[in-house]
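Participant: Could you have a look at this structure, given as structure tokens, before my questions?
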Amino acid sequence: MAVDFKVIVIGRGMMGAAAARHLSAMIDGVALIGPREPAERKRHHGVFASHYDEARITRTFDDNVVWATLAARSLDRYAEIEARSGISFFREAGCLFAGPVPQPGQGYLGRAIDISARLGVDFETLEPTALRERFPQFSLRAGFNGYFEKRRAGHVNPRALVRAQAALAEAGGVTVIDATVTGVRDAGAQVEVTVGERVYTAERVLVAAGGFSNFNQLLPDPVDIRVAARTVAFYELGEREMAIFGSMPSSIVFGDRDEDHVYILPPVVYPDGKTYLKLGGDTEARSFDSLEDAGAWFRSDGSLAERDLLVAAASEIMPDLAGCPVTTAPCVATFTPTAYPYAGFTSSPRIAVLTGGNFVAAKSSDELGRLGAVLMTEGRLGNEDFGRELTPVFR
Ligand SMILES: Cc1cc2nc3c(=O)[nH]c(=O)nc-3n(C[C@H](O)[C@H](O)[C@H](O)COP(=O)(O)OP(=O)(O)OC[C@H]3O[C@@H](n4cnc5c(N)ncnc54)[C@H](O)[C@@H]3O)c2cc1C
């Protein structure tokens, strides 16, 4: 039976748009279905995404070889995507990790030092005095070391990266459909994808719906993910603060425990024309199992308790921010029990899933998209593409 498309990618987010771009260079007959960002977040009752922002940290320094490789392979292609799309999304501001001096090979920093050395990642170690001299905008604890990646690190604009990927996909022949999918069904020889009153058919479907992958009956079995609340704090900067923080790198500052770290994005101009420095953490415990609950979270301003924690951390690390207006926003991070992203088939040999960003996949989304495209065209991922590590777990 004739199908509408060879492959339908569901989700015009970071991984889905990248998958569609890669597929456009491999095969004809590809569709990318997903809604654009809602114009009014607080009045929107539908699906949301984790990339509605202007800055995500990018780096290769990582405590895990798979994640470091996914990032490095993506970074290799940023310049080409920018040049071909005419959309700029990468700022090479550098990335600084700061924390207590680790035991060799121990904790996040100890492992990241080992792995970075093994992979040939270019980073500099800054002892406490050198760290303070190099980055005087921070007030870091006395014994802290710094690990600074100056090149091939900084931040990407996730909205712009998605725009670039989708534009290149479309230019490469992909049909982009601005809609939300409300059902996917393996009908034997083909897969049926329902969009409102319409049903599109495809030989294969890649579900890349981020934290919303288990909603709207997109998958034959729910995938094992934890869709966790994350709150970010935005500091609105004036000229005085810009003089202090304008040239800072993307930064991740550890506390006594690895999980107590905060990440800080350098000042970026937002669509309202104002410049914000953004701060976030990784300890919020709340998670969502329904579209209603996830949607209500996205319509909120995030958690007030988390805001207070972030403000306390900012006051300690960046006392010069005192007096800046602070606002907050919600987001979700999609965690997997394997701590790796998922890229693999479901119980249906025609429906695969690509999700599980684990709070760190924006920078690596182009390579994850390529792996999704390989899955769709070759049916599997080999060892060089981490097929075993990226195997999805279902509930
Ligand atoms: C606060 C915060 C800070 C972060 N910071 C960083 C960082 O500094 N560095 C980094 O590398 N990563 C970071 N991340 C992680 C990164 O943003 C995510 O890993 C990434 O966005 C995941 O991409 P995705 O394509 O899986 O999901 P998304 O980008 O969320 O895309 C999923 C898409 O699917 C669509 N969709 C959902 N349901 C449907 C449906 N039924 N039909 C059609 N389409 C649908 C949505 O509209 C969305 O566009 C951060 C995440 C958060 C929340």
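No value in this document is a laboratory result; all are computed from the given coordinates. Bear in mind that the values here come from a model prediction, so they are computed numbers and not experimental data. Positions of Cβ are backbone-derived with ideal geometry, glycine not excepted, and every protein chain shown enters the neighbour counts.
Participant: Rounded to whole Å, give me the distance from the Cα center of region 1-75 to that of region 107-141.
Facilitator: Comparing the Cα centres of region 1-75 and region 107-141, I get a distance of 31 Å.
Participant: Right, another one. Roughly how tilted is helix 158-171, in degrees to the nearest 10 and between 0 and 90, from the longest Cα axis of the chain?
Facilitator: 30 degrees
Participant: What whole-number volume per residue, in cubic angstrom, does the convex hull of the C-alpha atoms of region 181-238 give? Don't skip to the end; give the middle numbers.
Facilitator: Working: hull volume 7.5 nm³, N = 58.
Here the figure is 129 Å³ per residue.
Participant: Further question on the same structure: Over the chain, what is the percentage of antiparallel beta bridges among all DSSP beta bridges, to the nearest 5? If you can, show how the numbers build up before the last one.
Facilitator: On the way: 54 of 73 bridges.
Percentage antiparallel, nearest 5: 75.
Participant: Residue by residue, what Karplus-based ³J(HN,Hα) values in Hz, rounded to whole numbers, does region 335-342 have, using 6.51, -1.76 and 1.60 with θ = phi - 60° and x for Gly and Pro?
Facilitator: Listing the rounded values in order: 9, 10, x, 7, 6, 10, x, 9 Hz.
Participant: If we count every other residue with Cβ under 15 angstrom of ARG380's Cβ, Lys/Arg +1 and Asp/Glu -1, where does the sum land?
Facilitator: On the way: positive: ARG204, ARG350, ARG370, ARG388; negative: GLU378, GLU384, ASP385, GLU389.
Here the charged neighbours net out to 0.
Participant: Please tell me the relative contact order of the chain in percent, rounded to the nearest whole number, where contacts are Cα pairs under 8 Å and at least six residues apart. Mind dumping the intermediate values first?
Facilitator: Details: 919 pairs, mean separation 96.9, N = 395.
The value is 25 percent.
Participant: Using 18 Å as the cut-off for backbone N distance, which residues of region 240-259 belong to the label zone defined by a point 7 Å from the Cα of VAL269 along Cα→Cβ?
Facilitator: In region 240-259, the label zone of VAL269 (backbone N under 18 Å from the point 7 Å along Cα→Cβ) covers 240-248.
Participant: Now a separate question. Run the dipole for region 1-82 about the Cα centre, Lys and Arg Cβ at +1, Asp and Glu Cβ at -1, nothing else charged, and hand back the magnitude in debye, nearest 20. Let's see the in-between values first.
Facilitator: Working: 11 positive and 11 negative charges, 53 e Å.
Here region 1-82 has a charge dipole of around 260 debye.
Participant: Same structure again: Just to confirm a number: summing +1 for Lys and Arg and -1 for Asp and Glu over residues other than ASP63 whose beta-carbon lies under 10 angstrom from that of ASP63, what do you get? Present the calculation step by step, with values, prior to reporting the outcome.
Facilitator: Numbers: positive: ARG111; negative: ASP62, ASP114, ASP258.
Surrounding charge for ASP63 is -2.
Participant: Please quote Rg/Rh for region 239-395 to two decimal places, taking the Kirkwood radius as Rh and restricting both calculations to Cα atoms. Walk me through the numbers before you get to the answer.
Facilitator: On the way: Rg = 19.1 Å, Rh = 18.4 Å.
My calculation puts Rg/Rh at 1.04.
Participant: Just from its helices, what would the mean residue ellipticity at 222 nm be for the chain, if runs of 4 or more DSSP H residues each count -39500 (n - 2.57) and the sum is divided by every residue, rounded to the nearest 500 deg cm²/dmol?
Facilitator: Values: 9 runs with 109 residues, N = 395.
Theoretical 222 nm ellipticity from helices: -8500 deg cm²/dmol.
Participant: Rounding to the nearest 20 debye, state how big the charge dipole of the chain is about its Cα centre with +1 on each Lys and Arg Cβ and -1 on each Asp and Glu Cβ.
Facilitator: Numbers: 41 positive and 50 negative charges, 98 e Å.
For this selection, approximately 460 debye.
Participant: Counting pairs of alpha carbon atoms under 8 Å apart in space and at least six apart in sequence, what relative contact order in percent does region 267-333 give?
Facilitator: Relative contact order, region 267-333: 31 percent.
Participant: Taking 7 Å along the Cα-to-C-beta vector as the label spot, tell me the ARG257-ARG380 distance in nanometres, rounded to one decimal.
Facilitator: Between ARG257 and ARG380, the simple spin-label model gives 4.1 nm.
Participant: Then there is this: Rounded to the nearest 0.05, what FRET efficiency do SER347 and ALA243 have when you use their Cβ-Cβ distance and R0 = 56 Å?
Facilitator: Working: r = 57 Å, r/R0 = 1.03.
Computed FRET efficiency for SER347 and ALA243 comes out at 0.45.
Participant: Work out from phi, with θ = phi - 60° and the Karplus expression 6.51 cos²θ - 1.76 cosθ + 1.60, the ³J(HN,Hα) of each residue of region 114-120, listed in order in whole Hz, and give x for Gly and Pro.
Facilitator: Working through the residues one at a time gives 4, 5, 5, 5, 4, 8, x Hz.
Participant: Helix 365-378 sits at what angle to the longest principal axis of the chain, using alpha carbons and giving 0 to 90 degrees rounded to 10?
Facilitator: Once rounded, one gets 20 degrees.
Participant: If only Cα atoms are counted, what is the Rg of region 1-144, and what is its Dmax, in Å?
Facilitator: Gyration radius and largest Cα-Cα distance of region 1-144: 20.4, 70 Å.
Participant: Roughly how many nanometres apart are two label points built 7 Å out from the Cα toward the Cβ at ALA285 and ASP76?
Facilitator: 4.2 nm
Participant: Enter the Cα centre distance for the pair region 312-381 and region 214-292, rounded to the nearest angstrom.
Facilitator: Using only Cα atoms to place each centre, the spacing works out to 12 Å.
Participant: Where does the chain land on Rg(C-alpha)/(2.2 N^0.38 Å)?
Facilitator: Numbers: Rg = 20.8 Å, N = 395, 2.2 N^0.38 = 21.3 Å.
Compared with the compact-globule rule of thumb, the chain sits at 0.97.
Participant: Subtract the Cα-Cα distance of ALA179 and ARG36 from 0.36 nm times their separation in residues, and report this length gain in nm to one decimal.
Facilitator: Values: separation 143, 0.36 × 143 = 51.48 nm, distance 0.79 nm.
Stretched out fully, the ALA179 to ARG36 stretch lengthens by 50.7 nm.
Participant: Moving on. In whole Å and largest first, what semi-axes does the C-alpha gyration tensor of region 131-238 yield when each eigenvalue is scaled by 5 and square-rooted?
Facilitator: Numbers: eigenvalues 369, 71, 39 Å².
Result for region 131-238: semi-axes of 43, 19, 14 Å.
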